[in-house]
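**Q** I have a structure I would like to understand better, so I am pasting it below and will then ask my questions one at a time.
The values are calculated or read from the model by the stated rules, or taken from the named source; none is laboratory data. Note that the coordinates shown come from a computational prediction; the quantities given were computed from them, not determined experimentally. Cβ placement follows ideal geometry from the backbone for every residue including glycine, while neighbour counts extend to all protein chains displayed. We work out accessible area using only protein heavy atoms, side chains counted, and drop any ligands, DNA or RNA first. Shrake-Rupley method; radii C 1.70, N 1.55, O 1.52, S 1.80 Å.
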Amino acid sequence: MNASNGFGPRPGNDTFPKLLRANAQVRAKRPAMRCKDRGIWQTWTWEDVYENVSLFAYGLKALGVARGDKIAIAGANRPRLYWAICAAQMLGAVPVPVYADAVASELAYVLQNADVRIAIVQDQEQVDKLLGESEQLGQLQQIVYDEERGLEDYDHTRLHAISALIAESRDIFAGEPGARAAIEAEIDAGGGGDISIMLYTSGTTGRSKGVMLSAGGCISAATDTVAFDKLTEADETLAYLPLAWVGDHYLNYAQSFVAGFCMACPESAETAQQDLREIGPTFYFAPPRVFESLLTRVMIRMEDASAPKRWLFRHFIDVARQWGEKILNGKQVPLHARLHYGLGKILIYAPLLNVLGFSRIRVAYTAGEAIGSDLFSFYRSLGMNLKQLYGQTEAFLYVTCQKDGDIRSETVGPPAPNVDIRIADSGEVQFRSPGMFVAYYKEDAKTAEAMTQDGYVKTGDAGIFDTDGHLRIIDRAADVGKLDDGSLFAPKYIENKLKFFPNIKEAVGFGHDRAFVAAMLNIDLTAVGNWAERNNISYGSYQELAGHPQVYEMIADHVASVNESLSRDRFMAGAQIRRFLILHKELDADDGELTRTQKVRRSFVGERYAPLVEALYNGSEEADISTEVTFEDGRKGVIAARVKIRDARTFAVEAAPVAEQVA
Amino acid sequence: MSALAEMLQGEVARAAAETLLTVENVSLTFGGVRALSDISFDIRKGEIRAIIGPNGAGKTSMLNCINGFYHPRSGRITFKGKTRQRMRPYEAASQGIARTFQNVALFKGMTTLDNILTGRTLKMNRNFFWQLLRHGPAMREEIEHRIYCEDIIDFLEIEHIRKTPVGKLPYGLQKRVELGRALAMQPDLLLLDEPMAGMNLEEKEDMCRFILDVNRHFRTTIALIEHDMGVVMDISDRVVVLEYGHKIADGTPDEVKADQRVIDAYLGVSH
């Protein structure tokens with residue numbers, strides 16, 4: 001590998017504003033962004049976007065934005081907020097996207113930590129959060145907002161509307177030719193070595209840190225994957241992922257600027273599913289849980305369909321299961337199977353994909369957590385090119401990704417283009433990549449901790465390479481533990497196995513330095529609620545359903561089958577689940593139990609529900625727990641419950657001798 | 001200084017507050033039952049006026065009189081300076097009175113958008129045959145109405161259920177759609193019959209927000225019936241209290257709260 005093309009900026013358009021300017025010349029009239037407003041899709045061409053971003057940048061400059069300033073951006077996926085990102089970059093300032101659903105104190109923490117002087121936000125909700133925390137935010141000078149509603153009465157000395165800024169700049173541009181030239185000069189002044197964006201980590205492990213990414217690195221990485229997946233200006237995506245997440249910034253913003261394709265913003269978070277159908281993206285990303293909930297919904301609706309339709313569906317899904325993936329992977333398939341599959345495509349697969357909004361998808365990715373092989377192959381067997389990638393904020397997303405036609409559900413694929421991966425002696429995955437981060441903001445010690453001496457980034461994940469060079473991620477390196485008897489305990493591995501059951505939404509495993517493995521579970525209200533309806537079980541609340549004896553029976557069966565599959569695995573057989581309970585409430589990010597990206601904070605849950613953990617290990621049949629919860633409006637309340645604990649069926653380790661022979 | 005400014009402001013407000021609707025000595029009977037006896041009050045332009053009272057006090061009957069569904073046995077109702085004798089509901093509607101109902105009364109099989117569009121019926125100028133053609137002027141007209149309705153959908157934040165049949169929606173959302181339909185009429189006076197009945201706390205807070213926003217944004221005068229005292233005292237400018245068909249108090253929330261007769265009516269007294 002040649003270091004000069006792999007790592008570090010490449011010549012040419014080495015910043016996003018320069019790319020935007022180039023796109024405005026090369027594909028001026030092609031759509032760049034869409035957004036549904038008042039029920040109608042509004043479209044901006046590359047030319048429009050360039051014009052608006054330039055005007056916006058001029059307005060920000062007038063507000064006092066200088067090179068190197070940090071600008072916070074909080075809100076949903078609105079074109080104007082994407083413009084804000086680019087406008088900040090135009091002026092050499094660093095955009096810092098913040099999760100829109102973060103509570104005020106979390107928001108304030110990030111703004112404070114990043115030394116933000118100007119915040120660009122979507123609406124009154126975000127403005128209120130910022131004003132409410134103004135004591136902590138002494139350095140915040142100006143707030144710029146997109147949606148006027150509800151803000152009419154506010155003191156406007158520090159508040160500005162985006163539309164007003166743009167309109168003012170437009171007047172100035174019309175009168176003074178020097179104004180436009182000044183912005184052009186700002187664009188030219190930027191270079192590939194500049195910090196292009198600062199993304200805060202989700203904080204799965206401790207407080208979130210600001211990951212600084214360079215413009216040149218971002219663009220090199222995006223250029224590689226655009227080529228890898230053959231993305232062109234004819235592609236289209238739906239930008240519905242949180243702005244502050246690396247995935248959205250990479251897959252939508254960076255790739256669309258590099259490839260010149262159009263990104264569409266949904267009307268609101270609730271309409272994303274309908275908007276997906278209307279836009280029909282060709283490139284799509286969703287975390288496994290989205291695919292899972294879609295599948296659950298399809299299956300529930302099929303349960304309610306008439307008998308002939310159910311038969312037809314089942315028949316052709318079986319056909320797809322048998323042949324679909326082989327056809328997608330370009331393997332040899334007998335003619336009769338092809339014909340049978342073709343008929344299924346007309347009757348079932350194509351209409352189903354259409355309902356889901358997946359008709360035009362050429363490339364779809366999933367990542368973030370392990371995906372069940374059944375779930376994964378379901379979508380692939382329908383003919384959807386779903387692939388997995390493995391990535392990190394520190395890598396500017398891609399570390400590995402699967403190649404078309406060479407796909408297995410349990411691996412995350414070979415290294416992405418120009419990415420160099422090695423497995424450390426500790427089992428930890430380490431990498432070097434074109435998009436890798438420059439440093440954590442103001443956290444030199446943490447930066448040094450995350451890097452090796454020779455410039456590799458430590459991922460903190462334990463993984464192994466399969467014989468064919470595909471990477472397999474087992475768990476967080478720090479989470480892999482041992483039971484008292486010395487057997488290996490990989491909590492996430494067990495939790496994922498549990499979560500592959502549609503009825504189980506969340507699972508938290510305990511076992512490190514303990515006598516055996518125990519689990520706390522959350523049921524999935526959609527799936528179990530529907531099951532309850534079909535079985536005439538009435539319930540008044542989540543809590544009541546979760547504690548229902550028949551639900552316990554059902555979940556006990558699931559736990560038993562997980563144990564059975566664990567017993568067949570030589571490494572994991574010792575870590576079968578002995579006892580479990582179903583929690584009385586859903587784990588929630590507002591209570592700090594999940595991260596904003598919906599990952600379980602295992603140790604926090606362990607502390608919060610300490611009496612339950614205690615009860616899991618001391619043999620009690622039930623335990624009382626009362627927990628403080630945070631409601632959506634920020635108020636607190638207490639939920640108290642008596643939770644039942646069950647023993648799970650375990651299996652003898654029958655496979656051991658066979659495995660030994662193989663080994 | 002500030003006291004003087006406040007007084008001046010109050011004076012200005014009073015002068016600006018012209019009366020939109022006056023109810024004078026209205027009585028209503030059903031056979032031997034006197035639902036309303038000798039009720040008088042007024043509603044000023046731009047205010048939020050609450051009508052409260054225990055069950056069976058005659059609140060809904062009062063609203064029904066105002067929008068012409070019931071005809072009072074005696075008394076006068078003056079709306080926008082015109083005193084009416086007998087009026088039918090559609091006449092009230094075309095004069096600019098819109099309402100929502102205690103039990104949701106939407107077209108269950110129709111989508112949210114279509115339900116809200118029905119609120120525009122009285123604003124349609126082209127006749128039935130033009131509409132049937134759905135071409136030229138009729139189409140242009142429909143587009144205008146659609147734009148107005150989309151503004152309402154945006155305002156009430158119900159984009160995600162635009163194309164959903166309302167029968168499938170949860171109760172809180174149906175209430176919101178009903179408010180949307182009433183707003184589509186661009187009413188001068190909006191009558192809300194228990195807009196928050198059966199809602200949970202969060203839905204109630206949303207609804208309060210919407211009612212206040214409607215009042216501000218569209219400058220619509222609102223008369224509402226509500227049982228939740230917290231809500232009433234928070235959002236209304238003036239409150240009239242009924243009990244057994246009689247008016248027992250009328251004034252600002254603070255005045256009404258302090259009134260001994262109101263306290264007795266709500267808490268009960270030993271007779």
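**Q** For a bin width of 10 Å, list the pair-distance distribution of region A:366-521 built from all Cα-Cα distances, rounded to whole %.
**A** With 10 Å bins starting at 0, P(r) equals 10, 33, 34, 20, 3.
**Q** How big is the shadow of the Cα convex hull of region B:149-198, averaged over all directions, in nm²?
**A** 3.7
**Q** Which entries of A:Lys36/A:Lys387; B:Lys175/B:Lys257; A:Lys387/A:Lys442 have Cα-Cα distances beyond 31 Å here?
**A** Numbers: A:Lys36/A:Lys387 29 Å; B:Lys175/B:Lys257 28 Å; A:Lys387/A:Lys442 36 Å.
Distance filter (> 31 Å) returns A:Lys387/A:Lys442.
**Q** Report Rg (one decimal) and Dmax (nearest whole number) for region A:26-74, counting Cα atoms only, units Å.
**A** Gyration radius and largest Cα-Cα distance of region A:26-74: 14.0, 39 Å.
**Q** For region A:66-169, how big is the tail of P(r) above 18 Å, as a whole percent of Cα pairs?
**A** In whole percent, the long-distance tail amounts to 41.
**Q** In addition: With all protein chains present, calculate the accessible area of A:Ile361 using a 1.4 Å probe and round the result to the nearest 10 Å².
**A** Roughly 20 Å² of A:Ile361 is accessible to a 1.4 Å probe.
**Q** If the viscosity is 0.692 mPa s and the temperature 37 °C, what translational diffusion coefficient in µm²/s does Stokes-Einstein give for region A:192-292 when Rh comes from Kirkwood over Cα pairs? Don't skip to the end; give the middle numbers.
**A** Details: Rh = 14.7 Å.
Diffusion coefficient, whole number: 223 µm²/s.
**Q** While we're here: In percent, how large is the relative contact order of region B:105-186, given Cα pairs closer than 8 Å and 6 or more residues apart?
**A** Computed value for region B:105-186: 56 percent relative contact order.
**Q** Straight distance only, please: which aspartates and glutamates reach the Cα of A:Lys309 with their own Cα at less than 17 Å, same-chain residues fewer than 8 apart left out?
**A** Hits, sequence-local ones excluded: A:Asp318.
**Q** Once all Cα-Cα distances of region B:29-87 are split into 5 Å bins that start at 0, what whole-number percent is in each one?
**A** Going out from 0 Å in 5 Å bins, region B:29-87 shows 4, 15, 28, 28, 17, 7, 2, 0 percent.
**Q** Using a 10 Å cut-off on Cβ atoms, rank the peptides B:47-60, B:75-88, A:33-46, A:214-227 from the highest mean neighbour count down.
**A** Result, highest mean first: A:214-227, B:47-60, A:33-46, B:75-88.
**Q** For chain A, what is the mean residue ellipticity at 222 nm derived from helices alone (per DSSP H run of n ≥ 4: -39500 (n - 2.57); sum divided by total residues; nearest 500 deg cm²/dmol)?
**A** Theoretical 222 nm ellipticity from helices: -11000 deg cm²/dmol.
**Q** Any idea what % of Cα-Cα pairs in region B:105-186 are farther than 15 Å?
**A** Working: 1759 of 3321 pairs.
Result for the distance tail: 53 percent.
**Q** Sticking with this one: P(r) tail for the protein assembly as shown, what percent of Cα pairs lie past 53 Å?
**A** Counting every Cα pair in the protein assembly as shown, those more than 53 Å apart make up 26 percent.
**Q** Could you name the aspartates and glutamates whose alpha carbon sits less than 15 Å from that of B:Lys108, not counting residues in the same chain fewer than 8 places away?
**A** Once the sequence-local aspartates and glutamates are set aside, what remains near B:Lys108 is B:Glu178.
**Q** When you look at the Cβ of every residue in B:155-166, what mean number of other chain Cβ atoms sits within 10 Å?
**A** Neighbouring Cβ atoms belonging to other protein chains average 3 per residue here.
**Q** With every protein chain present, what accessible area does A:Asp101 have (1.4 Å probe, heavy atoms only), rounded to the nearest 10 Å²?
**A** In the full protein context, A:Asp101 sits at about 90 Å².
**Q** State to the nearest 20 debye the size of the charge dipole of region A:481-662 about its Cα centre, where the only charges are +1 on K and R beta carbons and -1 on D and E beta carbons.
**A** 320
**Q** OK, next. Take the alpha-carbon centre of region A:462-485, take the same for region A:273-314, and report the distance between them in whole Å.
**A** So the two Cα centres are separated by 32 Å.
**Q** Can I ask one more? Keeping all protein chains in the complex and leaving out DNA, RNA and ligands, what accessible area do you get for A:Phe285 with a 1.4 Å probe, in Å² to the nearest 10?
**A** 10
**Q** Next question. Any chance you could check the Cα centroid distance between region B:169-207 and region A:525-565 for me, in angstrom?
**A** 36
**Q** Using all C-alpha to C-alpha distances in region A:481-662, build P(r) with 10 Å bins and read off the rounded percent in each one.
**A** It works out to 9, 36, 36, 14, 4, 1, in whole percents.
**Q** Could you tell me the center-to-center distance, by alpha carbons, between region A:184-259 and region A:154-175 in angstrom?
**A** Value for the Cα centre distance between the two parts: 28 Å.
**Q** What are the lysines whose alpha-carbon lies under 30 Å from the alpha-carbon of A:Lys644, with same-chain residues fewer than 8 places away excluded?
**A** A:Lys482, A:Lys492, A:Lys497, A:Lys499, A:Lys505, A:Lys585, A:Lys599, A:Lys636
**Q** Now a separate question. What does DSSP give for the protein assembly as shown in terms of the percent of beta bridges that are antiparallel, rounded to the nearest 5?
**A** About 60 percent, rounded to the nearest 5.
**Q** Can you give the Rg to Rh ratio of region A:130-284, both from alpha-carbon atoms, with Rh computed by the Kirkwood formula? Write down the numbers at each step before the final one.
**A** Details: Rg = 19.0 Å, Rh = 19.0 Å.
Reported Rg/Rh (Cα atoms, Kirkwood Rh): 1.00.
**Q** How fast does chain B diffuse by Stokes-Einstein, in µm²/s, taking the Kirkwood radius from C-alpha pairs at 37 °C and 0.692 mPa s?
**A** On the way: Rh = 19.9 Å.
Approximately 165 µm²/s, per Stokes-Einstein.
**Q** Hey, any idea what the orientation-averaged projected area of the convex hull of region A:510-575's Cα atoms comes to, in nm²?
**A** Values: hull surface 21.7 nm².
Computing the convex hull of the Cα atoms and averaging its projections yields 5.4 nm².
**Q** Using a 1.4 angstrom probe with every protein chain in place, what is the largest-first accessible-area order of A:Lys18, A:Lys442?
**A** A:Lys442, A:Lys18
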